[in-house]
Amino acid sequence: MPGIATPYANRLKKAGYKLTNARLTVLDVLAESGGHITSGEVLDAVAARDESIGRASVFRTLDLLTRLSIVRPTFIDSSVTPNYVLMEGGHHHHIICTTCNRVIEFEDCGLEKLSQHLAEKYHVHITGHMLEFFAQCDACRDADRDD
């Protein structure tokens, strides 16, 4: 079993799913991408590793991983094609520059108390969250001032 994707593979197995070659390969590609990756990029990387894995298997795996909150689709650059991000620890956070689309990832969102409050108030088990802020980075703001 690939080492970098092991925690995610364990979550799949714990949820009762088989660790197929296609699922493990997609997990490996996502884990090695180090961040945001489109489905097209996943398809290309999977095909480069194992041509026997079809498009349908890749998309079914991305759908399964999304339903299990292992990955989340996020839309950057107003694209209709999502970028998939691994939800380490069940959450993921970034700031996206609305001018250059630079993505700044950060760790501590401070939402633990809010998550607990929402879970109790609405009687749900929260499995993860994604937090996105939209801003203008300093470089773009400085460039706008120079115009």
message = Need the failing condition index for T81 against (1) farther than 26 Å from F59 by Cα; (2) among the hydroxyl-bearing types (S, T, Y); (3) surrounded by fewer than 15 Cβ atoms within 10 Å (Cβ to Cβ), just the number.
response = (1)
note = Log entry, pairs with first residue in the stretch 24-37 being more than 24 Å from I95 (Cβ to Cβ) and touching a residue at least 60 places away in the same chain (Cβ under 8 Å), second being of a type outside the set (S, T, N, Q) and surrounded by fewer than 21 Cβ atoms within 10 Å (Cβ to Cβ), beta carbons closer than 6 Å, six or more apart or on different chains, reads none
request  = With respect to I37, determine if the residue is in contact with an Asp or Glu (Cβ under 9 Å, 6 or more places away or on another chain) and crowded, with 16+ Cβ neighbours inside 10 Å.
outcome  = no
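Okay, residues lined up against (1) outside any strand (DSSP E or B); (2) among the aliphatic types (A, V, I, L, M); (3) on the phi < 0 side of the Ramachandran plot; (4) at pLDDT 80 or above:
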residue: V85; (1), (2), (3), (4): no, yes, yes, no
residue: H92; (1), (2), (3), (4): no, no, yes, no
residue: C100; (1), (2), (3), (4): yes, no, yes, yes
residue: F134; (1), (2), (3), (4): no, no, yes, yes
residue: D142; (1), (2), (3), (4): yes, no, yes, yes
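Would you be able to tell me the number of residues in the stretch 32-51 that are of a type outside the set (V, I, T) and in contact with a helix residue (DSSP H, G or I) (Cβ under 7 Å, 6 or more places away or on another chain)?
Qualifying residue count, the stretch 32-51: 5.
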ask   = Which condition number in (1) out of contact with any Lys or Arg (no Cβ under 9 Å at 6 or more places or on another chain); (2) in a loop (DSSP other than H, G, I, E, B); (3) not assigned by TED's automatic domain parsing to the domain that holds L12; (4) not small (G, A, S) is the one that E51 fails?
value = (3)
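So, in the stretch 119-137, of the ones that are in contact with a strand residue (DSSP E or B) (Cβ under 8 Å, 6 or more places away or on another chain) and aromatic (F, W, Y), which residue ends up farthest from R72 (Cα to Cα)?
In the first step, residues of the stretch 119-137 are kept if they are in contact with a strand residue (DSSP E or B) (Cβ under 8 Å, 6 or more places away or on another chain); the result is 128-137.
When the remaining residues are screened for being aromatic (F, W, Y), the result is 133-134.
Details: F133: 16, F134: 18 Å.
So the residue we want is F134.
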ask   = Name the pairs: first residue in the stretch 123-140 and outside the structural domain of R72 (by TED's automatic domain parsing) and more than 17 Å from E105 (Cβ to Cβ), second residue part of a loop (DSSP other than H, G, I, E, B) and among the aliphatic types (A, V, I, L, M), Cβ to Cβ under 9 Å, at least 6 apart or on different chains?
value = T127/L68; T127/M87
request  = Only residues that are surrounded by fewer than 12 Cβ atoms within 10 Å (Cβ to Cβ) and of a type in the set (K, R): list them for the stretch 130-147, please.
outcome  = R145
query = Of the residues that sit in the stretch 120-129 and are under 23 Å from P7 (Cβ atoms) and exposed (fewer than 15 other Cβ atoms within 10 Å of the Cβ), which one is modelled with the highest pLDDT?
reply = H125
ask   = What number of residues within the stretch 9-26 are within 15 Å of R55 (Cα to Cα) and among the hydrophobic types (A, V, I, L, M, F, W, C)?
value = 3
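Give the residue that is nearest to Y17 (Cα to Cα), with candidates limited to residues of the stretch 54-70 that are modelled with pLDDT of 85 or more and not in a helix (DSSP H, G or I). Even if it seems obvious, please write down each step before you answer.
We begin by selecting, within the stretch 54-70, every residue modelled with pLDDT of 85 or more; these are 54-68, 70.
Within this subset, residues satisfying the condition of being not in a helix (DSSP H, G or I) are 54, 68, 70.
Values: G54: 19, L68: 11, I70: 13 Å.
Here the answer is L68.
The values are calculated or read from the model by the stated rules, or taken from the named source; none is laboratory data. Predicted, not measured: the structure shown is a model, and the values here were computed from it. Here the Cβ is made from the backbone with ideal geometry for all residues, glycine too, and neighbour counts use every protein chain on show.
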